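Peer 1: My structure is below; once you've seen it, I'll send some questions.
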Amino acid sequence: MSVTKDTGRALYTARQQELGPNRLRAVARAYVKDVEPYPFSHVDLAPGPVQDAYETFQRVIDQVDATIAAAEDEQQKAQQSFARGAAGRSRPGRRAGAQASSMPTAAGGERFQVMEEAIGTAHGALVEVVEAHWAEWRAKIHERLAADRATALEAWETAKAAVGQALAGEDAMLDLDEAVRRHSPTLHDQTDKERRCGLQGWYSMTHIVPPRFDKAAEGVDGFLKHFGTDLEAWVPPGDPRREELLNTPPDPELPWVRRAAFESLEWTCRVCGQSVSRDSNTRLVLENGTYSFSTRALSPRRPSPGPAPGIDVLRWGRLPCAGGVYFRGGLVSTGPPFSPGACFHGALSFSRGLRS
């Protein structure tokens, strides 16, 4: 089936009407709406067969519009002719409704049937060829996206440099005003007390520094560097890279990988077992092809040196605490929020409890 469920219902409703311009218009609208989601704004990047099928579909739509316009023009002329004849034949006492019931409708139902079949065929061919060349078309769009992103970044760097110069000028004005006021108490008091048209704080209200551009620039930097990268990480069936990507763990720092991890994994820290949240303190870690969450940065584990001295039953491992306490040959290493001394004494207490 080459149409969506919604389009199928629209076509079914349209075909309940009699053959004619109204039915043909409804059928054409359903087919056109069905292919609207395709990115035909980038049809110039599509493979040749897709462009040919799209042009064919557009030609059929134009023929449908011409057929509807001609039929409606014929129907209007027929109705006008009928109205003139009916006015001459009118008899006293005859109801207007009886005259209107004999009004002719558009003839030539076969041409509407032909056009319906033509647009259906063109639509089906377009959908099939787009599916067949999905991966190829998407790769071309990706190439342009990457090029456009590079252009945008270059333009943004130029814009940031220009804005930086303007901000430097603003800073220079602020510094000059404040430096002069600091060296002249008289001018300091005068400018503080001055009013403008009855409004106090002429100096202070005009020297409030707005939110700095660099904070907004950081957001724009991140956007320009990463927009489209999530889409680039996926390829459709038929792309030669698909099998390799399916079997290659993606970088845990990528935004889409982090989102997927929160949908796929248990929300617990691999170090302490406590619950984690989506905030920036939760890191996604990839180790031996497996993803897990951590509430702190972890250094690579070292091989076990064996049981810690004086601790018989406690092997190399970690205590259940938020910071993660590691035993390395009887020594304890940890990180915030626990101090080394506190964790060392805690480890000894824990080991004594195991021996007792």
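The values are calculated or read from the model by the stated rules, or taken from the named source; none is laboratory data. Just so it is clear, the structure is predicted and the values come from calculations on it, not from any experiment. When we count neighbours, we look across all protein chains shown, and the Cβ atoms used for this are built from the backbone with ideal geometry, even at glycine.
Peer 1: So, residue 112, is that one in contact with a helix residue (DSSP H, G or I) (Cβ under 7 Å, 6 or more places away or on another chain) and either surrounded by 13 or more Cβ atoms within 10 Å (Cβ to Cβ) or at pLDDT 55 or above (or both) or not?
Peer 2: yes
Peer 1: Continuing with the same structure: Need the failing condition index for residue 62 against (1) among the charged types (D, E, K, R); (2) modelled with pLDDT of 95 or more; (3) farther than 30 Å from residue 45 by Cβ, just the number.
Peer 2: (3)
Peer 1: A further question on this structure: Residues that are under 30 Å from residue 163 (Cα atoms) and either surrounded by 12 or more Cβ atoms within 10 Å (Cβ to Cβ) or of a type outside the set (A, V, I, L, M, F, W, C) (or both): does the range 255-277 have at least one?
Peer 2: Yes; the residues of the range 255-277 include at least one that is under 30 Å from residue 163 (Cα atoms) and either surrounded by 12 or more Cβ atoms within 10 Å (Cβ to Cβ) or of a type outside the set (A, V, I, L, M, F, W, C) (or both).
Peer 1: For the range 203-248, which positions are surrounded by 12 or more Cβ atoms within 10 Å (Cβ to Cβ), touching a residue at least 40 places away in the same chain (Cβ under 8 Å) and not in a helix (DSSP H, G or I)?
Peer 2: 227, 228, 235, 236, 238, 239
Peer 1: Do we find that residue 182 is within 30 Å of residue 34 (Cβ to Cβ) and either in a helix (DSSP H, G or I) or out of contact with any strand residue (DSSP E or B) (no Cβ under 8 Å at 6 or more places or on another chain) (or both) in this structure?
Peer 2: Considered against the rule, which asks whether it is within 30 Å of residue 34 (Cβ to Cβ) and either in a helix (DSSP H, G or I) or out of contact with any strand residue (DSSP E or B) (no Cβ under 8 Å at 6 or more places or on another chain) (or both), residue 182 comes out as no.
Peer 1: Then there is this: Tell me yes or no: at least one residue of the range 30-49 is small (Gly, Ala, Ser), in contact with a helix residue (DSSP H, G or I) (Cβ under 9 Å, 6 or more places away or on another chain), part of a helix (DSSP H, G or I) and modelled with pLDDT of 80 or more. Give the steps one after another, and end with the answer.
Peer 2: We begin by selecting, within the range 30-49, every residue small (Gly, Ala, Ser); these are 30, 41, 46, 48.
Next, from what is left, pick out any that are in contact with a helix residue (DSSP H, G or I) (Cβ under 9 Å, 6 or more places away or on another chain): 30, 46.
Filter again for part of a helix (DSSP H, G or I), leaving 30.
Now drop any that are not modelled with pLDDT of 80 or more, which leaves 30.
Taking every residue of the range 30-49 in turn, at least one turns out to be small (Gly, Ala, Ser), in contact with a helix residue (DSSP H, G or I) (Cβ under 9 Å, 6 or more places away or on another chain), part of a helix (DSSP H, G or I) and modelled with pLDDT of 80 or more.
Peer 1: Next up: In the list 34, 44, which residue meets the criterion of being buried (at least 17 other Cβ atoms within 10 Å of the Cβ) and of a type in the set (D, E, K, R)?
Peer 2: 34
Quick grid of which residues meet (1) surrounded by 16 or more Cβ atoms within 10 Å (Cβ to Cβ); (2) more than 11 Å from residue 49 (Cα to Cα); (3) free of Cβ contacts under 8 Å to residues at least 24 places away in the same chain:
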site	(1), (2), (3)
122	yes, yes, no
126	yes, no, no
133	yes, no, no
138	yes, yes, no
158	no, yes, yes
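Peer 1: Considering each of 197, 272 in turn, give the residue that is out of contact with any Asp or Glu (no Cβ under 7 Å at 6 or more places or on another chain) and either modelled with pLDDT under 85 or among the aliphatic types (A, V, I, L, M) (or both).
Peer 2: Of the residues listed, the single one that is out of contact with any Asp or Glu (no Cβ under 7 Å at 6 or more places or on another chain) and either modelled with pLDDT under 85 or among the aliphatic types (A, V, I, L, M) (or both) is 272.
Peer 1: Can you find a residue in the range 176-184 that is among the small types (Gly, Ala, Ser) and either on the phi < 0 side of the Ramachandran plot or at pLDDT 85 or above (or both)?
Peer 2: Yes, there is a match, as at least one residue in the range 176-184 is among the small types (Gly, Ala, Ser) and either on the phi < 0 side of the Ramachandran plot or at pLDDT 85 or above (or both).
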